[in-house]
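Worksheet: the structure to be examined is printed underneath.
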Amino acid sequence: SMLEALAHLPEDLENAVGLWGRALAGENVSVTMEFGDPGRERRVFDLRFSPIRDAEGRIIGAGEIARDVTERVR
């Protein structure tokens, strides 16, 4: 995912994978987190994860929306 591509630190990747896991378990997740390369400017993102269900209600995937809100936060 885009979020995992932004996760340059091990703890960032762990957070990204955890958010996906929560959505795949059926939870709608909304968080604001900082990600990016520690050697450069890190960016702040509003993140939303939602499970995707089939016609029978089974979870078949998850969707992610990531908005860069760095300027707004600063």
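Structural remarks
- For the stretch 12-39 versus the stretch 48-74, the spacing of their alpha-carbon centroids is 10 Å.
- Theoretical ellipticity at 222 nm over the chain - DSSP helices of four or more residues, -39500 (n - 2.57) apiece, nearest 500: -8500 deg cm²/dmol
- Accessible surface for residue 34 stands near 90 Å², nearest 10, in the context of the full protein assembly shown (1.4 Å probe).
- Here the simple spin-label model places points 7 Å from the Cα toward Cβ, and for residue 5 and residue 72 these points are separated by 2.2 nm.
- For the pair residue 55 and residue 27, a Förster radius of 22 Å applied to the C-beta separation gives a FRET efficiency near 0.60, rounded to the nearest 0.05.
- For the chain, the Rg and Dmax computed from alpha carbons only, in angstrom: 13.3, 46
- Against the criterion of solvent-accessible heavy-atom surface with a 1.4 angstrom probe, 43, 72, 67 sort, most first, into 72, 67, 43.
- Solvent accessible area, Å² - residue 6, 1.4 Å probe, full protein context: 50
- Taking the protein heavy atoms of the chain in the context of the full set of protein chains, the accessible area attributed to carbon and sulfur is 51 percent at 1.4 Å.
- 54, 12, ranked by accessible area, largest first (probe 1.4 Å): 54, 12
- Remark: the chain carries 63 Å² of accessible area per residue (probe radius 1.4 Å; ligands, DNA and RNA excluded).
The values are calculated or read from the model by the stated rules, or taken from the named source; none is laboratory data. Only a predicted model underlies this, so the values are computations on that prediction, with no experimental measurement involved. No Cβ is skipped: glycine too gets one built from the backbone with ideal geometry, and neighbour counts run over all protein chains shown. When the accessible area is computed, the model is the full protein with side chains, heavy atoms only, and any ligands, DNA or RNA have been set aside. Shrake-Rupley method; radii C 1.70, N 1.55, O 1.52, S 1.80 Å.
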